[in-house]
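The values are calculated or read from the model by the stated rules, or taken from the named source; none is laboratory data. Just so it is clear, the structure is predicted and the values come from calculations on it, not from any experiment. Here Cβ is always computed from backbone atoms with ideal geometry, including for glycine, and neighbour counts include all displayed protein chains.
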Amino acid sequence: MGGKTDVWQGTLALMVMRTLETMGSLHGYGLARRIEQTSGDKLELNYGTLYPALLKLEQEGYIRARWGVSENNRRAKFYELTKAGRRRMRKAAKEWKQTTGILARFLSPAEEA
Amino acid sequence: MHKLRAWWLRVYGLFRPGHAEEDFSAELESHLALHTEDGIRAGLSPAEARRQALIRLGGAEQTRQAHRERRTLPWLESVLRDVRYALRGFRRNPIFTLTVIATLALGIGATTAVFSVVDRILFRSLPYAHDDRLVSIGTVHSLERQEFMLGGFFFDWRDHQKPFEAMAIQSTGPHACDLVEYNPAQLDCLSFDDGFLPLLGISPVLGRNFLPEEDRPNGPRVVLISYGLWQDHYNRDPGILNRQIDVDGSPARVVGVLPKDFQFPTLQSADVIFPMALDRAAQATANGGIGNPMRTFGRLKPGVSIEQARAQMEPLFLHTRDTFIPKDIRKDFHLSIRSLRDRETQDAQLMAWILLAAVLAVLLIACANVAGLMMARGEARERELAVRSALGASRARLIRQTLTEASLLSLAGAAAGMALAEGLLRAFVDLAPTSIPFLARAGLDIRIASFTVLLSLICAALFGLLPALQTPRAVALAARAVRFRKRSVLRRGLVAGQIAMSMVLLSGAALLLRSFQNVQEQHLGMQTGGVFTVKIALPGFRYDTSQKQMDFYLQAEAAIRRLPGIHAVAISDSVPPGGSQGGRWSDLAVDGKPHPEQGTGGSVAERTVTPDYFHSLNIPIVRGRNFTEEDRRSMEPLIVISRLMATRMFPGEDPIGRRIHTVHANVTYTVVGVAENVKNGGLVEPDEPEIYFLRSSIADYWGERVPLLIVDSVLSPKAAIPWVRSQIAQLDPTVPTKFETLNEQVSKLADRPRFETALLGFFAFTGLVMAVIGLYGVIAFMAAQRTQEIGVRMALGASRFDILRLILREGVRLIALGTAVGIVAALVMSQLLRSLLYQVGPRDPASFIMVTLLLALVALAATLVPARSAMKTDPMQALRCE
């Protein structure tokens, strides 16, 4: 897709939680756009997949949703991180860093050899 | 935790669909609006901006679907759909549904209840360690069928036996003893030796077992107490250990408390247990040198069978017998070694097996019924299934639908069955005689309940699946009843089998019923109405001489006599038809005659009575005279004998004035009268010859037998008993009394046959009802299948009578086949009942004819109903239908 990357399974939840942590409360559309921006427009979300992911996080109690009014006066559903979500996010981020760190060592050019 | 929360929310979502759906639609709409606004701001036309927004979303409907699937549990949703569909089907067809559920409930309920009753008798292990190796050891003879041991040879056996790892002894029957305290109570006391609890693998819950130095003659006076006594009398005070309690006026130290659920192997109950403290030297002289009787139990060495043990013990037994038992009765003594289970359950095992077999037959009938009903329903729905499969339902989908229906029916049946089982079990316990062990403690058995539920589920599913598995695609849509024949053979077989099985059940029930009638209607030879007995437990330590005891009874007799409405008051030691003291024929010798018979000659009923005994029970004196009040104060030994005794001992002679010598007591009695025979060996056992001794009013001759007062009143016992009670209380307010009417005692003897008859009758009735339902179902279904054929036949000139015959013929064939098979099976099976039957043979023709007629009539009626409605078919309509 024109050099843009699909979001692979499992990472979307982390991105959502991380975005909500930095931005506070966001509606679904805003969240999607923000994720794309943060990726430097390298990611192109299928917005339709965002909503089941949000629902799953909500069912698990990591985020909560509430109806509110958007910056341009539209009714929209706003999501924000719960305490449990914050904890979960930290843990997941740590694990993810470890994984990528390990992979990075494998993939880096063999300088010391 | 979070996963679980999500799962619950999704389950919850199943049942609350509406709101969440609207909410998400609104959210989606707001998303699209925001996205479209952005597009317009970027310079797109409103229509193009919305189109772009929809594309990026991947379609609104798809998103909704994905959201919905995440919101609920899709697989559970489809199960619920199946359930809803099945329930709708059941509602449309309530008779089918209720019949299946009721049938299942009966099968499951009855089986569970009966199994819960017989489990402890037949299967459950006894509550002792190594219970499969525990045996009861001893000798038996015609008057005592339970193994007993005598102190004179116990030591000999114990020291020289080989087959047992350990042997332990217990005293015979508990005796009454008194707890003398601030709160006195009459208790049951028993003794066992220090090896008794270890043999059974039981340890006291509190304290310890007897020490070897305590189980010794003249050892310290220590006791173990039962959990019940500890709980009720001492409020489970742990300080009971080492406390001195006063039993029969002398102190004893409590060293331990028995476990709560402890059972004596003899199933007796006792509150206080003393050490046996058997004295070898004393036993060699006690009881005329043979020692005191007791019960002995042993644990077989591993790998030794009961037969091997018997063979190994035989030489010891023979030696003992030849040493201790007088020559003339030696033949009557046998060695007996029985497993503890046999000792505990006695003859209840046969009854338990019969009940189990009967209830399994009921379960089979129920299963066959459910199978038949499910098959009929499956066939009736063949077209529906074909339509569904033509519309794209996969075979797996249809099978799942059928399984769902079968499971629902089984679950409903199981729930109803459990309720029924609980009710039945309570009824059994109420109805059951005390001679069936463990019943009072029986509880519903979950294992067997699950087993029966599973069985019925398999039954329903298997036969429900048959049509679903073979669903033809186009054939069933186009035609009807093409392969109908094949499955109908199976179903007719099922119905014939049900009829055969009910035949077996019914004939068993009929035989028991006839036998029970014989028991109830037999002539007892005495009056029972208006008569009651009074048992008085005189505390032995206060009434310690025969003078004191006799005075009490004579005063009681006189006091009760003075009451208005009292016709007669007698003192005996027992009443017929139940127990009596037993003696041996061979113990009696007629003066001036050689002993007429070899061997023991069977047993003789003995009772020690006052003259009023014959008045109170209205037993006529047929020759000579009754005892008189004057006789009571004379020293002369007099007896009255029964007519059976007279004809056997003095055939063709006048017994009056003859003298009978009792070898054992070495007394010669003079016969003064002959009394009419009375049923005296129990209700169903043969009568025994009877000797009535006179209970003398001289203290030295008062005797050791515990007296029993017999009162015959003109008033009803209900009215007379309180008067009598107050009279006795005036003499001594502390003595416990027990009143029982003679009718109650007789009825209690009939408890066992009543229980057996009621249960088998109930099962037979249940089986019959189900078989008839099954028969009706099959015939009605066949008639319905042949509606069109009937129309054609009628159009071609068949009369209504021809049609009736056509349908009836189907039914009659099934009935004839089922009944024929059933009679043969019943004739074989009824042999098992032989020992339970009284004055009716296991092949009693009257019972069999009656049952066959009953079954045939009911079954014919069941076929007649659908046959009649087929007969009334309107040919025009029948032909037009399709």
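Return only the number of the condition from (1) of a type in the set (Gly, Ala, Ser); (2) part of a helix (DSSP H, G or I); (3) in contact with a helix residue (DSSP H, G or I) (Cβ under 7 Å, 6 or more places away or on another chain) that B:Gly239 does not satisfy.
(3)
Within the bounds of region B:144-163, is there any residue that is of a type outside the set (D, E, K, R), touching a His at 6+ places or on another chain (Cβ under 8 Å), in a strand (DSSP E or B) and closer than 29 Å to B:Leu318 by Cβ? Lay out the reasoning, then the answer.
First pass over region B:144-163, keeping only residues of a type outside the set (D, E, K, R): B:146, B:148-155, B:157, B:160-161, B:163.
Then drop every residue that is not touching a His at 6+ places or on another chain (Cβ under 8 Å), which leaves none.
There is no residue in region B:144-163 that is of a type outside the set (D, E, K, R), touching a His at 6+ places or on another chain (Cβ under 8 Å), in a strand (DSSP E or B) and closer than 29 Å to B:Leu318 by Cβ.
Among the helices (runs of 4 or more DSSP H) lying completely within region A:15-113, list those that include at least 2 residues that are touching a residue at least 40 places away in the same chain (Cβ under 8 Å) and more than 10 Å from chain B (Cβ to nearest Cβ).
Here the list reads A:83-107.
Would you confirm whether any residue within region B:530-539 is at pLDDT 85 or above, within 35 Å of the chain's Cα centre (by Cα), surrounded by fewer than 19 Cβ atoms within 10 Å (Cβ to Cβ) and outside any helix (DSSP H, G or I)? Can you show your working first?
Here is the first cut: in region B:530-539, the residues at pLDDT 85 or above are B:530-536.
Subset that is within 35 Å of the chain's Cα centre (by Cα): B:530-536.
Filter once more, keeping what is surrounded by fewer than 19 Cβ atoms within 10 Å (Cβ to Cβ): B:535.
Next, only the ones that are outside any helix (DSSP H, G or I) stay: B:535.
Yes; the residues of region B:530-539 include at least one that is at pLDDT 85 or above, within 35 Å of the chain's Cα centre (by Cα), surrounded by fewer than 19 Cβ atoms within 10 Å (Cβ to Cβ) and outside any helix (DSSP H, G or I).
Which number in (1) at pLDDT 85 or above; (2) in contact with a helix residue (DSSP H, G or I) (Cβ under 7 Å, 6 or more places away or on another chain); (3) charged (D, E, K, R) marks the one condition that B:Arg341 misses?
The single condition B:Arg341 does not satisfy is (2).
Name the single residue that is nearest to B:Gly201 (Cα to Cα) among those in region B:325-382 being part of a helix (DSSP H, G or I) and among the acidic types (Asp, Glu).
Here is the first cut: in region B:325-382, the ones part of a helix (DSSP H, G or I) are B:327-332, B:340-345, B:348-380, B:382.
So of that shortlist, the ones also among the acidic types (Asp, Glu) come out as B:328, B:332, B:342, B:344, B:379, B:382.
Working: B:Asp328: 41, B:Asp332: 35, B:Asp342: 19, B:Glu344: 17, B:Glu379: 60, B:Glu382: 63 Å.
Result: B:Glu344.
In this structure, is B:Ala26 facing chain A (nearest Cβ under 8 Å) and either surrounded by fewer than 16 Cβ atoms within 10 Å (Cβ to Cβ) or touching a Leu at 6+ places or on another chain (Cβ under 7 Å) (or both)?
Working: facing chain A (nearest Cβ under 8 Å): yes; either surrounded by fewer than 16 Cβ atoms within 10 Å (Cβ to Cβ) or touching a Leu at 6+ places or on another chain (Cβ under 7 Å) (or both): yes.
Considered against the rule, which asks whether it is facing chain A (nearest Cβ under 8 Å) and either surrounded by fewer than 16 Cβ atoms within 10 Å (Cβ to Cβ) or touching a Leu at 6+ places or on another chain (Cβ under 7 Å) (or both), B:Ala26 comes out as yes.
Just the residues that are more than 29 Å from the chain's Cα centre (by Cα) and without any contact (Cβ under 8 Å) to a residue 40 or more places away in the chain, please, taken from region B:118-160.
Those that are more than 29 Å from the chain's Cα centre (by Cα) and without any contact (Cβ under 8 Å) to a residue 40 or more places away in the chain: B:Arg158, B:Asp159.
Those residues that are in a helix (DSSP H, G or I), more than 11 Å from every other protein chain (Cβ to nearest Cβ) and either in contact (Cβ under 8 Å) with a residue 24 or more places away in the chain or under 60 Å from the mean Cα position of the chain (by Cα) (or both), I need them from region B:34-78; list them, please.
Answer for region B:34-78, where residues must be in a helix (DSSP H, G or I), more than 11 Å from every other protein chain (Cβ to nearest Cβ) and either in contact (Cβ under 8 Å) with a residue 24 or more places away in the chain or under 60 Å from the mean Cα position of the chain (by Cα) (or both): B:Pro74, B:Trp75, B:Leu76, B:Glu77, B:Ser78.
When the residues of region B:727-739 are narrowed to those that are more than 11 Å from B:Leu563 (Cα to Cα) and among the polar types (S, T, N, Q), which ends up surrounded by the most Cβ atoms within 10 Å (Cβ to Cβ)?
From region B:727-739, those more than 11 Å from B:Leu563 (Cα to Cα) are B:728-739; that's our starting set.
With among the polar types (S, T, N, Q) added as a condition, the list becomes B:730, B:734, B:737.
Values: B:Gln730: 11, B:Thr734: 10, B:Thr737: 16.
Ranking the candidates gives B:Thr737 first.
Report every pair of residues separated by at least 6 positions or lying on different chains whose Cβ atoms are under 8 Å apart, first residue within region B:264-283 and without any contact (Cβ under 8 Å) to a residue 12 or more places away in the chain, second surrounded by 22 or more Cβ atoms within 10 Å (Cβ to Cβ) and among the aliphatic types (A, V, I, L, M).
Close Cβ pairs (under 8 Å, with a partner that is surrounded by 22 or more Cβ atoms within 10 Å (Cβ to Cβ) and among the aliphatic types (A, V, I, L, M)) do not exist here.
Out of (1) touching a Gly at 6+ places or on another chain (Cβ under 6 Å); (2) surrounded by fewer than 20 Cβ atoms within 10 Å (Cβ to Cβ), what's the single condition that is false for B:Val640?
(2)
Would you confirm whether any residue within region B:409-431 is under 28 Å from B:Ala826 (Cα atoms) and in contact with a Lys or Arg (Cβ under 6 Å, 6 or more places away or on another chain)?
no
With (1) over 40 Å from the mean Cα position of the chain (by Cα); (2) more than 30 Å from B:Gly508 (Cβ to Cβ); (3) in contact (Cβ under 8 Å) with a residue 24 or more places away in the chain as the list, and B:Phe781 as the residue in question, which single condition is left unmet?
Failed condition: (1).
Residue check: is B:Leu9 at the interface with chain A (Cβ under 8 Å from one of its Cβ atoms), within 60 Å of the chain's Cα centre (by Cα) and closer than 17 Å to A:Glu58 by Cα? Before the answer, list the steps.
On the way: at the interface with chain A (Cβ under 8 Å from one of its Cβ atoms): yes; within 60 Å of the chain's Cα centre (by Cα): yes; closer than 17 Å to A:Glu58 by Cα: yes.
So B:Leu9 fits the description; yes.
Quick test of your reading of the structure: B:Ser269 fulfils all but one of (1) surrounded by fewer than 15 Cβ atoms within 10 Å (Cβ to Cβ); (2) of a type in the set (S, T, N, Q); (3) touching a Lys or Arg at 6+ places or on another chain (Cβ under 8 Å). Name the failing condition by number.
(3)
Quick one: how many residues across region B:663-701 are surrounded by fewer than 21 Cβ atoms within 10 Å (Cβ to Cβ) and either without any contact (Cβ under 8 Å) to a residue 24 or more places away in the chain or under 14 Å from B:Met635 (Cβ atoms) (or both)?
12
Would you confirm whether any residue within region B:183-196 is in contact with a Gly (Cβ under 9 Å, 6 or more places away or on another chain) and at pLDDT 90 or above?
Yes, there is a match, as at least one residue in region B:183-196 is in contact with a Gly (Cβ under 9 Å, 6 or more places away or on another chain) and at pLDDT 90 or above.
Going by the structure shown, is B:Phe90 closer than 30 Å to B:Val604 by Cα, at pLDDT 85 or above, in contact with a helix residue (DSSP H, G or I) (Cβ under 9 Å, 6 or more places away or on another chain) and part of a helix (DSSP H, G or I)? Full working, then the answer.
Numbers: closer than 30 Å to B:Val604 by Cα: no; at pLDDT 85 or above: yes; in contact with a helix residue (DSSP H, G or I) (Cβ under 9 Å, 6 or more places away or on another chain): yes; part of a helix (DSSP H, G or I): yes.
Considered against the rule, which asks whether it is closer than 30 Å to B:Val604 by Cα, at pLDDT 85 or above, in contact with a helix residue (DSSP H, G or I) (Cβ under 9 Å, 6 or more places away or on another chain) and part of a helix (DSSP H, G or I), B:Phe90 comes out as no.
Pick out the one residue from B:Leu477, B:Leu457 that is surrounded by 14 or more Cβ atoms within 10 Å (Cβ to Cβ), at pLDDT below 70 and of a type outside the set (Ser, Thr, Tyr). Write out each step before concluding.
Working: B:Leu457 fails: at pLDDT below 70.
Being surrounded by 14 or more Cβ atoms within 10 Å (Cβ to Cβ), at pLDDT below 70 and of a type outside the set (Ser, Thr, Tyr) holds for just one of B:Leu477, B:Leu457, which is B:Leu477.
What single numbered condition from (1) within 39 Å of the chain's Cα centre (by Cα); (2) charged (D, E, K, R); (3) surrounded by fewer than 20 Cβ atoms within 10 Å (Cβ to Cβ) fails to hold for B:Arg280?
(1)
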